[in-house]
Amino acid sequence: MQKALIVYGTKTGTAAVTAQEIAQALQNKGVETKVVDAKKEKIRSITEYDLIIVGSGIQIGCWNSEPENFIKKYKQELAKKNLALYVNCGSAAEKLNPDKPEIAANAKTKYLDEKAAKYNLKPVALGFFGAIYNFNTMSWIMRKGMENERSKLAANYKETAPGVYDTRDIDAIQKWAEELGTKI
Ligand SMILES: Cc1cc2nc3c(=O)[nH]c(=O)nc-3n(C[C@H](O)[C@H](O)[C@H](O)COP(=O)(O)O)c2cc1C
């Protein structure tokens, strides 16, 4: 049986939910998948895995430090593995900026292509996914910034629970993961 490892970092939970969805899709394709929150668990070895997926939420233009440190630590080995990277970020919610497609395009380049290039890695797939905004739990500063966007969020994205808006395309995430499963 093929084995996959998903290592993620998150601040508000989106990359964690996404990791679980990716894992489910891979498991449905018969790939044994382990999911690790890089902040909570140290990875001692990656040799046993046929596919490694590293994901992060984005804050102020940056990956979370834990998944990036994982890449840094294992970059030599990752260069020889099937590797995929994904991010969850606000810039991927294209319906919030319908007249400015360059926001998403530039973010994808910065958060994914440039990250891979920084560590001389050639991932088999790059996943550029949206955010889950939870107005019940977000910090006051985030709420201040997002309150103006709330009507646009409500008009364009699903309110999955009161005050929770999911800008991710879950079908696209599932499809991305299933395709990955065929590459190993
Ligand atoms: C303090 C803060 C800064 C953020 N900065 C960015 C940013 O620079 N670019 C972006 O696309 N999204 C940004 N976002 C949106 C997050 O990327 C989005 O909420 C994402 O889902 C976070 O992933 P996580 O829940 O896994 O941490 C920011 C969010 C917060 C709270």
Computed helical MRE - 222 nm, the chain, DSSP H runs ≥ 4 contributing -39500 (n - 2.57), nearest 500: -11000 deg cm²/dmol
Acute angle (nearest 10 degrees) that the helix 65-78 long axis makes with the longest principal axis of the chain, alpha-carbon atoms: 30 degrees
field: Qualifying trypsin sites (Lys or Arg not before Pro) for region 89-184 [loop in DSSP, other Cβ within 10 Å: at most 16]
entry: Lys183
field: Crossing angle, helix 14-28 versus the chain [Cα axis fit, 0-90 degrees, rounded to tens]
entry: 50 degrees
task: Measure nothing but the geometry: give the 0 to 90° angle between the long axis through the Cα atoms of 170-182 and the longest principal axis through the Cα atoms of the chain, rounded to 10°.
output: 10 degrees
- prompt: Size of the dipole of the chain about the Cα centre, Lys and Arg at +1 and Asp and Glu at -1 on the beta carbon, nothing else charged, in debye to 20?
  reply: 560 debye
message: Out of the trypsin sites (Lys or Arg not before Pro) in region 64-93, which ones are loop residues according to DSSP with at most 16 other C-beta atoms within 10 Å?
response: Lys80
- request: Take peptides 1-9, 55-63 and line them up by average Cβ neighbours within 10 Å, highest first, as a rough protection proxy.
  value: 1-9, 55-63
- request: Report the local net charge at Asp37: Lys and Arg +1, Asp and Glu -1, summed over other residues whose C-beta lies under 12 Å from its C-beta.
  value: +3
query: What are the radius of gyration and Dmax of the chain, computed over its Cα atoms and given in Å?
result: 16.2, 49
- prompt: Over the chain, what relative contact order in percent results from Cα pairs under 8 Å that are six or more residues apart?
  reply: 23 percent
- request: For an R0 of 41 angstrom, estimate the FRET efficiency from the Cβ-Cβ distance between Thr137 and Lys80 and round to the nearest 0.05.
  value: 0.55
- request: First select every other residue whose beta carbon is under 15 angstrom from the beta carbon of Lys175; then total the charges, Lys and Arg +1, Asp and Glu -1.
  value: -2
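FYI, it's all coordinate maths here, none of it is from the lab. Small disclaimer: the values here were computed from a predicted structure and weren't measured. Using ideal geometry, Cβ is built from the backbone for each residue, glycine included, and neighbour counts are taken over all protein chains shown.
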